[in-house]
Amino acid sequence: MSLLSRDGFLPRMKPLPAKRSVIVSVLDIGTSKICCLIAKLDPREDGLVLAGRSHTIEILGIGHQRSRGIKSGVIVDLDAAEQAIRHAVDGAERMAGIMVESLIMNVSSGRLVSETFSADISLDGYAVEDKDIAQVLRVGAEHALAPERSVVHSLPIGYSLDGDHGIIQPRGMMGQRLGVDMHVVTAENAPLRNLELCINRAHLSVEAMVATPYAAGLAALVEDEAQMGCACIDIGGGTTTLSIFMDGRFVYADAIGIGGNHVTMDLARGLSTRLDDAEKLKVLHGSVLNGTEDANAMVSIPQVAEDDQDIPTQVPLSHLNRIIRPRVEETLEMIRDRLAKSGFADAVGKRLVLTGGGSQLNGLAEMARRVLSRNVRLGRPLGISGMPPAAKGPAFSTAVGLLIYPQIAQYENFSGHRSRSRSLMSGQSGPFSRFGNWLKESF
């Protein structure tokens, strides 16, 4: 059964069981890498439950592959993307000793649109019940429905009762009218269908789709930042996303089609070298800071030709950085403009977190402080155990955020409270499940 439906809403997920452990599988599909995580979520003790963290996360298996057939989060080669996904999932399955059947995945494509709506319904003086909350959330989310678009997230920001705002949980209260302010994220159907098709071709099903900026913010922000108001910038290979959290709620999302791979392409063209060599030069020697390099420092640039006898070209390190700097500055200026247009710039204040693989470029945090005029820190995924040391950096924030998402999925509203019919996020199956799917497909 396809995740996309005619009513324009993706199905919501069921709440995690409060008394038992579950196995969750997630897939982070990016332009530069595809990463699969299999984790065990154990309920926390009652006194240790944190906001949005009702379970502890222990990584059982991890697999990641260089991304193929994907550009800026969009499938451009179905066969290549399918093979990369298969290899990533297989690596995680082998490490965990578990066979994955369904998983949670991220969404960067589809021209994500973030909108805020208000809605209210009549209570006729009765106490607020769950059905009233569901109804007002549904009315608010329906404002975002548009042809060939689906609602990915539908989150209440705050409730009101008879015009009194700031109510966190109205259940049981009495009044005449119940209102809600909502944040709704939508995406185009075609890219979502292609993503799901690619997963299905690997004999896997999609449990839920989560917007990449939402997942990155869940992993990289600490509770105080989310409460006071903070922006999270996730710099990936093909896209850079912006998420804003306020009062602990996800209130805004945006994305631009520029990322770390564009810096690599600039280097490859400017230095006439291969893309793989340009990526190595960026990681090992690249910087966006002015005047920090040795004036006499030189770097070797391998030639495009595959003749090993060719002598590498020597160029000043300052020349390398002069190629990198304009693209990074352009990206940050675009994010600055998007943040100003969001309407939440004042709520964010001076707090900003950089995450994603592209955020590790030397000097990027310092440049972001100058361009964005805010306090900037580098965000890494928090609150997990069992991750290999190489996977604890900002590049894995989105993948970890997908593991956090099931703990807060119950706050969302979707059409008729539909949910996936398969067992709750077991993330696994019997040993013959995918073999049966193969038989159905082949005969």
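The values are calculated or read from the model by the stated rules, or taken from the named source; none is laboratory data. These numbers were taken from a predicted model, which means no experiment stands behind them. Positions of Cβ are generated from backbone atoms using ideal geometry, with glycine treated the same way; all protein chains shown enter the neighbour counts. Note: accessible area is taken over every heavy atom of the protein model, side chains too, but ligands, DNA and RNA are not part of it. Shrake-Rupley method; radii C 1.70, N 1.55, O 1.52, S 1.80 Å.
The table below lists the values:
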item: Residues satisfying the stated conditions in the stretch 74-91, i.e. within 18 Å of the chain's Cα centre (by Cα) and open to solvent by 10 Å² or more (accessible area, probe 1.4 Å); result: V74, I75
item: When residues of the stretch 232-264 are limited to those that are in contact with a Leu (Cβ under 7 Å, 6 or more places away or on another chain) and free of Cβ contacts under 8 Å to residues at least 40 places away in the same chain, the one farthest from M367 (Cα to Cα); result: F245
item: Residue within the stretch 211-231 that is touching a residue at least 12 places away in the same chain (Cβ under 8 Å), within 30 Å of A127 (Cβ to Cβ), in a loop (DSSP other than H, G, I, E, B) and open to solvent by 10 Å² or more (accessible area, probe 1.4 Å) present; result: no
item: Residue in the stretch 253-269 that is more than 20 Å from M334 (Cα to Cα), open to solvent by 60 Å² or more (accessible area, probe 1.4 Å) and not hydrophobic (A, V, I, L, M, F, W, C) present; result: yes
item: Checklist (1) more than 21 Å from the chain's Cα centre (by Cα); (2) not in a loop (DSSP other than H, G, I, E, B) applied to D124, failing item; result: (2)
item: Test: residue in the stretch 379-386 that is at pLDDT 95 or above and over 24 Å from L281 (Cα atoms); result: no
item: Among the candidates V283, V328, V304, residue that is open to solvent by 30 Å² or more (accessible area, probe 1.4 Å), of a type in the set (V, I, T) and not in a loop (DSSP other than H, G, I, E, B); result: V283
item: Residues that are under 20 Å from A96 (Cα atoms) and assigned to a helix (DSSP H, G or I), drawn from the stretch 379-396; result: P389, A390, A391, F396
item: Members of the stretch 1-47 found to be surrounded by fewer than 19 Cβ atoms within 10 Å (Cβ to Cβ), at pLDDT 85 or above and either closer than 30 Å to M265 by Cβ or of a type in the set (G, A, S) (or both), listed by number; result: S21
item: Residue in the stretch 363-375 that is assigned to a helix (DSSP H, G or I), among the small types (G, A, S), open to solvent by less than 10 Å² (accessible area, probe 1.4 Å) and at pLDDT 90 or above present; result: yes
item: Residues of the stretch 332-382 classified as out of contact with any helix residue (DSSP H, G or I) (no Cβ under 6 Å at 6 or more places or on another chain) and among the small types (G, A, S), total; result: 8
item: Which listed residue, of D276, D294, D310, D337, is over 25 Å from V400 (Cβ atoms), modelled with pLDDT of 95 or more and surrounded by fewer than 14 Cβ atoms within 10 Å (Cβ to Cβ); result: D337
item: Residue within the stretch 105-117 that is under 30 Å from A39 (Cβ atoms), touching a helix residue (DSSP H, G or I) at 6+ places or on another chain (Cβ under 6 Å), in a strand (DSSP E or B) and in contact (Cβ under 8 Å) with a residue 12 or more places away in the chain present; result: yes
item: Among residues of the stretch 1-47, those that are assigned to a loop (DSSP other than H, G, I, E, B) and either in contact with a helix residue (DSSP H, G or I) (Cβ under 6 Å, 6 or more places away or on another chain) or closer than 30 Å to L78 by Cβ (or both), counted; result: 16
item: Which numbered condition V315 misses (of (1) of a type outside the set (D, E, K, R); (2) under 30 Å from S300 (Cα atoms); (3) assigned to a helix (DSSP H, G or I)); result: (3)
item: Those residues of the stretch 251-280 which are over 30 Å from Y411 (Cα atoms) and not in a helix (DSSP H, G or I), in sequence order; result: I258, G259, S272, T273, R274
item: Count of the stretch 340-360 residues which are part of a loop (DSSP other than H, G, I, E, B) and open to solvent by 30 Å² or more (accessible area, probe 1.4 Å); result: 3
item: Top-ranked residue in the stretch 92-104 [being under 21 Å from the mean Cα position of the chain (by Cα) and not in a loop (DSSP other than H, G, I, E, B); ranked as nearest to G259 (Cα to Cα)]; result: I104
